[in-house]
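Below you will find the structure I want to go over with you.
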Amino acid sequence: MKAEIKIIAGREAGQVFSVGEGDTLTIGRSLDNQISILDEKSSRCHCKVEHTGDAILLIDLNSLNGTYLNGRSIARRHLTHGDRFKVGSSHFEILFEGKSAPIRGLMLLLLPLTLSFKVLRVIPAILGSQFVTRLMPFAVAASVILAAWSVGVTWMAGKSTVTVHSNPVSAMVFIDGEYAGQTPVEGIELERGMHLVKVQKHGYEIFKETVDLGMKAHEVNATLPPLPTGNIEVASKPAGAEVYLDGEFQGKTPRTLNNLEMGEHVLRLVLFEHLSIQEKITVSSPELTKQSYEMKEEMVQFYEDHLSREPNDASALSDLAHLHILALRFDQAIESLESAYLAVNEGKDTSDYSRRLDQEVQKAYRVDHYDYGDYNDIARLRTMLEELLERVVERFPTQENQKNLVGFYQQAGRADKITALYAKLYEKYPNVWDNAKNYGSSLLNAGNYTEAKQVFDKARRNSGHWEVHYYYGVACLEANPTSATAKEEAKESLEKALRGCTEPRDRTKVEAQIKRAERRN
C-alpha cells in the first residue's frame, strides 16, 4: 500500500511526497528532514510519518507547538485515507493509492441531487419509459427534499465566533489544541458545538474551559493566577562566568535569578579558558537558594588527566602547582609540589626536573616572576612553602634541600629559623661535618660563641678537615676575647688549619684570622 502526502496550505503548498512500505519521512524546519518546511511555528524536527507495511503512523517528535490530526492534538495515531494534519502553520493531506480524493465542501451538498439523477438515468432501462414518466415528479420532489434537508443540516451545524480575554493580557490561546493568537483575541470563527479553550502564559497557571458554541457568539474571560516562584543566587570562582538558565542568557556571576518557576531547570556556566558546568537544579521553595561553583581551568584538567597516567612527572606537578597558585588555591598547590619533591628525592621522577622544580618554588616564594595575590596571600603562601621544605628536609636532608630552605629563611630575615634548622640536623646527625659546620657557623653569626666553640671542639675530635680547626680557632677568639690562653689556643688551631688548606683563597682567609689573634692583647 502506497500513499502520497500533499502540502495543501503553507509556503510549500502543492508539493507532493510519496510514502512506500518501510519508508519514514520526517517533517520539520531543518534541511535534514525528508520534508523540510519554511515554517517558524514548526520545530526543527517536528514529526514523522512512518509506513510499517501494515499501517501508516503519524508520530509527534516532542515538538514545541504540537502535531494536530483532523484538528486534535496527537502524540501517535494511525493515518487513514483523506486525513489532514497540521505542522506549525502548514497543512498536509494523505491520500492512499487507488482511492479517489474525498468529497468536501459544496460537492457534499450537491451529492443527493447527483445521486438522484444517476438513479433516474438507470431506472428507464429497467422499468420502461412510461413508468419512469409517472415516477419522475415524485423522484424530483424527493431529491429536492433530500437536498434541502442536507442544506438545513449544514446550516444548523454552521459557524459562530469566540472572543477570548485574559488577566494578565498577552496570554497564548489554544482552541482544540491549535494556536489561535495572544489575548485579547477577537471573533475567532469556529464550527458550532463543543470546543476546548486553553489560555496560558509563562509564570501563570493554565486556564481551561469547554465551550458549547451555539448560534450566538461566546466570550471567554480567563483569570490566570501566578505560579509560585523561587529565587536562586548563582556564584562562581572565579567570578564573571556567563549564566544560562534553560538555554537563555541571564548575565554573569554573581547573579540572582528571580521569579523562577517551581520545578527542574538546566543551569549552565561558561567562562573563557575554563571547563563549562551544566547541571539540573530544582526550585522547590520561595526562599532564596544559594548555588556556588568552582570553575576548573582547562589546563588544570589537562595536567590532572596527564598525571593520572604519569603520577611521578615532577614537571607536570610543578606546572599544575603554578596554576593553583595563580588561582590562590594554595592547598592544592602545596599538595602538587610535595608530590613533585617526593618523586625527585625518591628517584622516581620521569621528567628529570629536579633543578627546575627548586627554581619554580623559589620564584613563587620571591614573587619576582608572577603575581598571585595581595600581601596577605603572599605571606600565607610563603609560610606554607617554608613548612613544605621543612617536611622535605626532615625526610630528605640533602644539601640541596637544606640550601633551598635556608634561602627562604635568609630572604625572610629569619636567622633564628636558620639556627633552629641546623640545630635539628646537628642533633640528628652530629658526626656529619657539614651539619656541625652549618650549626656552629649559625651560632657564631647569632653571637652564641661559647656554644659554637663546643660544637667545633667536638667536631675536631671526629674530623681532621682544615675547616674544623679554622672555625674552632675563630670561636676561641670570639668566646674569650681577653684571655691569653684562649688566644694561644686559637692561634694553635688556626695554624693547623693553615697547614691543611691548599687553596690560595682559603689560606688568605686563615692567615687573616692568625694576624687577628696576634693583635689581641
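Looking at THR223, is it surrounded by fewer than 13 Cβ atoms within 10 Å (Cβ to Cβ), modelled with pLDDT of 90 or more and under 30 Å from VAL162 (Cβ atoms)?
It is true that THR223 is surrounded by fewer than 13 Cβ atoms within 10 Å (Cβ to Cβ), modelled with pLDDT of 90 or more and under 30 Å from VAL162 (Cβ atoms).
Continuing with this model, one more query. Scan (1) in a loop (DSSP other than H, G, I, E, B); (2) exposed (fewer than 15 other Cβ atoms within 10 Å of the Cβ); (3) hydrophobic (A, V, I, L, M, F, W, C) for the single condition ILE8 breaks and write down its number.
Of everything listed in (1) in a loop (DSSP other than H, G, I, E, B); (2) exposed (fewer than 15 other Cβ atoms within 10 Å of the Cβ); (3) hydrophobic (A, V, I, L, M, F, W, C), ILE8 misses just condition (1).
Do you know which residues across the range 392-415 are assigned to a helix (DSSP H, G or I) and open to solvent by 60 Å² or more (accessible area, probe 1.4 Å)? Don't jump to the end; show me each part of the working.
Quick first cut of the range 392-415, residues assigned to a helix (DSSP H, G or I) only: 392-395, 399-412, 415.
Within the range 392-415, GLU394, ARG395, GLN399, GLU400, LYS403, GLN410, GLN411, ALA415 qualify.
Taking the residues in the range 442-470 that are hydroxyl-bearing (Ser, Thr, Tyr) and open to solvent by less than 40 Å² (accessible area, probe 1.4 Å) as candidates, determine which candidate is nearest to GLU489 (Cα to Cα). Break it down into steps so the answer makes sense when it comes.
Applying the first criterion (hydroxyl-bearing (Ser, Thr, Tyr)) to the range 442-470 yields 442, 449-450, 463, 470.
Then drop every residue that is not open to solvent by less than 40 Å² (accessible area, probe 1.4 Å), which leaves 442, 463, 470.
Working: SER442: 22, SER463: 18, TYR470: 11 Å.
Per the stated criteria, the residue is TYR470.
Separate question: So in the range 434-452, with the set limited to residues that are closer than 11 Å to GLU467 by Cβ and not polar (S, T, N, Q), which one is modelled with the lowest pLDDT?
Kept after step one, since they are closer than 11 Å to GLU467 by Cβ, are these residues of the range 434-452: 434, 436-437, 440-441.
Then drop every residue that is not not polar (S, T, N, Q), which leaves 434, 436-437, 440.
Details: ASP434: 82, ALA436: 86, LYS437: 86, GLY440: 88.
Looking at the filtered set, the residue picked out is ASP434.
For GLU264, state whether it is under 30 Å from ALA327 (Cβ atoms), open to solvent by 40 Å² or more (accessible area, probe 1.4 Å) and charged (D, E, K, R). Talk me through it step by step, then tell me what you get.
Numbers: under 30 Å from ALA327 (Cβ atoms): no; open to solvent by 40 Å² or more (accessible area, probe 1.4 Å): yes; charged (D, E, K, R): yes.
It is false that GLU264 is under 30 Å from ALA327 (Cβ atoms), open to solvent by 40 Å² or more (accessible area, probe 1.4 Å) and charged (D, E, K, R).
Could we say that LYS252 is within 30 Å of VAL283 (Cβ to Cβ), of a type in the set (Lys, Arg) and over 36 Å from the mean Cα position of the chain (by Cα) here? Reasoning before the result, please.
Values: within 30 Å of VAL283 (Cβ to Cβ): yes; of a type in the set (Lys, Arg): yes; over 36 Å from the mean Cα position of the chain (by Cα): no.
Taking the combined requirement at face value, the residue does not satisfy it.
Is there a residue in the range 14-35 that is open to solvent by 80 Å² or more (accessible area, probe 1.4 Å), in contact with a strand residue (DSSP E or B) (Cβ under 9 Å, 6 or more places away or on another chain), aliphatic (A, V, I, L, M) and assigned to a loop (DSSP other than H, G, I, E, B)?
No, the range 14-35 contains no residue that is open to solvent by 80 Å² or more (accessible area, probe 1.4 Å), in contact with a strand residue (DSSP E or B) (Cβ under 9 Å, 6 or more places away or on another chain), aliphatic (A, V, I, L, M) and assigned to a loop (DSSP other than H, G, I, E, B).
If you go through the range 294-308 one residue at a time, do you hit one that is closer than 30 Å to ASN259 by Cβ and surrounded by fewer than 19 Cβ atoms within 10 Å (Cβ to Cβ)?
Residues of the range 294-308 closer than 30 Å to ASN259 by Cβ: 294-295.
When the remaining residues are screened for being surrounded by fewer than 19 Cβ atoms within 10 Å (Cβ to Cβ), the result is 294.
Checking the range 294-308: at least one residue is closer than 30 Å to ASN259 by Cβ and surrounded by fewer than 19 Cβ atoms within 10 Å (Cβ to Cβ).
The values are calculated or read from the model by the stated rules, or taken from the named source; none is laboratory data. Keep in mind that this is a model prediction, so the values were computed, not measured. Positions of Cβ are generated from backbone atoms using ideal geometry, with glycine treated the same way; all protein chains shown enter the neighbour counts. Calculation scope for accessible area: heavy atoms of the full protein, side chains included, ligands and nucleic acids excluded. Shrake-Rupley method; radii C 1.70, N 1.55, O 1.52, S 1.80 Å.
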